[in-house]
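Before any comments, here is the structure.
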Amino acid sequence: EMRGTEVLMYFRRGCSVVGRSSEVALVARPELDVDAEDGWKFSVHLKRKTIDEGWGFAFETKAFDEQQRVVSKILSHTALSKHNRTFAAEGKHPFCVVPGDVLLRANGSSAFDTIGEQLAR
């Protein structure tokens with residue numbers, strides 16, 4: 001089990017990035033988890049210094065009200081912004097979380113409320 005300073009999240013690439021050049025490049029990469037019906041999925045393992053720090057994203061209000069966690073914004077100086085900077089610098093842009101991505105699981109939990117509990121730990 002992950003401690004409160006770590007979380008393993010699983011995302012589905014949101015529709016807001018379809019058509020971007022990075023999305024086109026995904027099709028030819030068999031090591032990525034691409035499903036024709038459900039889109040491309042990827043995992044992100046974040047670590048933060050203390051449990052008082054946020055993970056680094058905000059969710060779209062309308063989607064949240066419908067019990068979906070769709071990323072609306074990446075917050076600066078957070079575990080997620082650090083992850084994105086590191087992966088971008090390594091040329092791994094498809095593994096950066098961007099607005100429109102959908103959070104499917106956190107620490108193995110997929111139920112909406114349980115994901116919230118995992119992120120709040």
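The values are calculated or read from the model by the stated rules, or taken from the named source; none is laboratory data. The model shown is predicted, which means the values in this text are computed figures rather than measured ones. Positions of Cβ are backbone-derived with ideal geometry, glycine not excepted, and every protein chain shown enters the neighbour counts. To get the accessible areas, we keep the full protein, side chains included, count just its heavy atoms, and leave off ligands, DNA and RNA. Shrake-Rupley method; radii C 1.70, N 1.55, O 1.52, S 1.80 Å.
So here's what we get for this one:
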quantity: Filtered residues of the stretch 68-121 (kept if among the small types (Gly, Ala, Ser), closer than 16 Å to residue 56 by Cα, out of contact with any Leu (no Cβ under 7 Å at 6 or more places or on another chain) and not in a loop (DSSP other than H, G, I, E, B)); calculated: 72, 116, 120
quantity: Qualifying position, being in contact with a helix residue (DSSP H, G or I) (Cβ under 8 Å, 6 or more places away or on another chain) and open to solvent by less than 50 Å² (accessible area, probe 1.4 Å), among 71, 97; calculated: 97
quantity: Qualifying residue in the stretch 49-57 (condition: within 13 Å of residue 8 (Cβ to Cβ), part of a strand (DSSP E or B), in contact with a strand residue (DSSP E or B) (Cβ under 9 Å, 6 or more places away or on another chain) and open to solvent by 20 Å² or more (accessible area, probe 1.4 Å)); calculated: no
quantity: Residue that is open to solvent by 30 Å² or more (accessible area, probe 1.4 Å), at pLDDT below 55 and of a type outside the set (Asp, Glu), where the choices are 91, 19; calculated: 19
